Every structure is written in structure tokens, then in C-alpha cells.
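Structure first, commentary second.
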Amino acid sequence: MRHDRIAAYVNELARALRARGAYTRDLVDEVRDHLVDSIEAGARRGLSADAAEHEALANVGSPEAVAEHAAANVPRFRRRMLMTLCLCTTCSVAYLTLSLLILRPPRASHAWPAEAVLVLVVTALTFAWAKAGGLSPWIRPVLVLGTIALGALGCVSIFAAVTGEFEGYSAVLGTLFTIQALLTLLYLKPRGRGFLSHP
């Protein structure tokens, strides 16, 4: 069975969701599955394929209306704050790394290059995921583990800065890492979708 209008509807919905910062692959898949199920139910009731498609699309509503409703549930402020913090973390890590490479201080940590790579990879994944609203299914567990490691690194940096010889940049980076980890975990917390089950 061809569903050209369904494919066009889903594409328009994805555009409308992206424009509002509410796009998630799960939501688009949920709407697509709901439309296909509605068409099949209409066909079982004796409707023609065209009439079943028309009825399914009419029941769901316009892509703009669905996107507007979905956007009401998106934590935009938290998302923007997380993306801004990712940019600040990237700039700070780049600045420290370049400083260490250029100045070569005698007490510099030899573990920093590995830590910097971890931080940059986790930060890039977090930024891409928050911006896109959803990526491949394997991203979530990788992001959770990376975020926990980032938070641990942040706590260790703060602890070392407070209990040892105080190094301001270590405290700043530790604070950035810890806040980014907390915000990411809050943003990763599943939001109750069940979008189409609500009246």
C-alpha cells in the first residue's frame, strides 16, 4: 500500500517540529505509526484507501497544529542553556589545551590530553543531540556513560582545586563539567510522550 500523502505529512511535520525546536525521531515515528494504524483500521471498516488516508490525516490534525502542541512540552530554556554551556566548555578546554601546548608548564597534568578528548567528544555529542532533538538510538547510552564520566571528572577537578594548591582554572573547568553533566542528565530524563494518546 502506497502512502504518499502520509510521507508528505510526516516530512512537513518534521520540518514544523524542527522549526520549533521540538523535533524528536520518536515523536515523528509515533505519528507515522499512528497514521498507518488509522489507515489500516479504516480499511478494515470498509473505507477505500484514499478515504482511510483522508480520515487518518484529518483525525491527527495539521502538521503545524501537532508541532505547536509538541513544542509546548519542550524545555527550550534548559536546551539552550545546555547548548551554550557546551560551547563554553569547548572554548575553555581548547584554551587550556593550547596554553599547555604553548607554555609547557612543568606541573602540567600528563593525563590532560586524554581528559580533553573525553570532554570534547562528550560535549560534541551532547551539543549535536540537544540541537537535533534526537540522534541514533546508540547515542543515549553512550551519552549517559560519557556524561557520568564528565561529571566525575568535574567533581575530581573541583575537589583537587579546593583541597590542594588552588588553581582557578581547574575550579572553573570542574564547575563547567559538573553543571554540563547535571543539565545533560536532566535533559536526558525521559519526558512522558504518549503524545497521541492525549485528548
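The values are calculated or read from the model by the stated rules, or taken from the named source; none is laboratory data. Note that the structure is a prediction, hence the values are computed from the model and not measured. Here Cβ is always computed from backbone atoms with ideal geometry, including for glycine, and neighbour counts include all displayed protein chains.
Tell me yes or no: at least one residue of region 72-85 is surrounded by 12 or more Cβ atoms within 10 Å (Cβ to Cβ), over 19 Å from the mean Cα position of the chain (by Cα), closer than 21 Å to Ala181 by Cβ and not assigned by TED's automatic domain parsing to the domain that holds Asp33. For region 72-85, residues surrounded by 12 or more Cβ atoms within 10 Å (Cβ to Cβ), over 19 Å from the mean Cα position of the chain (by Cα), closer than 21 Å to Ala181 by Cβ and not assigned by TED's automatic domain parsing to the domain that holds Asp33: absent. The set of residues in region 25-42 that are surrounded by 18 or more Cβ atoms within 10 Å (Cβ to Cβ) and under 23 Å from Ala14 (Cβ atoms) comprises Leu27, Val28, Val31, Leu35, Ser38, Ile39.
Within region 167-182, identify whether any single residue is at pLDDT below 90 and more than 16 Å from Val93 (Cβ to Cβ), and answer yes or no. There is no residue in region 167-182 that is at pLDDT below 90 and more than 16 Å from Val93 (Cβ to Cβ).
May I ask you to list the residues in region 74-100 that are in contact with a Ser or Thr (Cβ under 7 Å, 6 or more places away or on another chain) and over 16 Å from Pro113 (Cβ atoms)? Walk me through it before giving the result.
As a first pass, look at region 74-100 and keep what is in contact with a Ser or Thr (Cβ under 7 Å, 6 or more places away or on another chain): 82, 86, 89-90.
Passing the criteria: Leu82, Cys86, Thr89.
Scanning region 2-18 for residues that are outside any loop (DSSP other than H, G, I, E, B) and either surrounded by fewer than 16 Cβ atoms within 10 Å (Cβ to Cβ) or in contact (Cβ under 8 Å) with a residue 60 or more places away in the chain (or both) yields Asp4, Arg5, Ala7, Ala8, Asn11, Glu12, Arg15, Leu17, Arg18. Going by the conditions given, is Gly21 exposed (fewer than 12 other Cβ atoms within 10 Å of the Cβ), outside any helix (DSSP H, G or I) and outside the structural domain of Ala128 (by TED's automatic domain parsing)? The answer is no for Gly21.
Could you tell me whether region 43-51 includes any residue that is under 23 Å from the mean Cα position of the chain (by Cα) and surrounded by fewer than 18 Cβ atoms within 10 Å (Cβ to Cβ)?
First, pick out the residues of region 43-51 that are under 23 Å from the mean Cα position of the chain (by Cα): none.
Among the residues of region 43-51, not one is under 23 Å from the mean Cα position of the chain (by Cα) and surrounded by fewer than 18 Cβ atoms within 10 Å (Cβ to Cβ), which makes the answer no.
Restricting region 86-96 to residues that are in contact (Cβ under 8 Å) with a residue 12 or more places away in the chain and closer than 17 Å to Gly168 by Cβ leaves a set whose member that is surrounded by the most Cβ atoms within 10 Å (Cβ to Cβ) is Thr89. Residues that are among the β-branched types (Val, Ile, Thr), out of contact with any Leu (no Cβ under 8 Å at 6 or more places or on another chain) and without any contact (Cβ under 8 Å) to a residue 24 or more places away in the chain within region 103-161 comprise Val117, Val156, Ile158, listed in sequence order. Ala65 meets each of the listed conditions (1) touching a helix residue (DSSP H, G or I) at 6+ places or on another chain (Cβ under 6 Å); (2) farther than 24 Å from Leu186 by Cα; (3) among the hydrophobic types (A, V, I, L, M, F, W, C) apart from (1).
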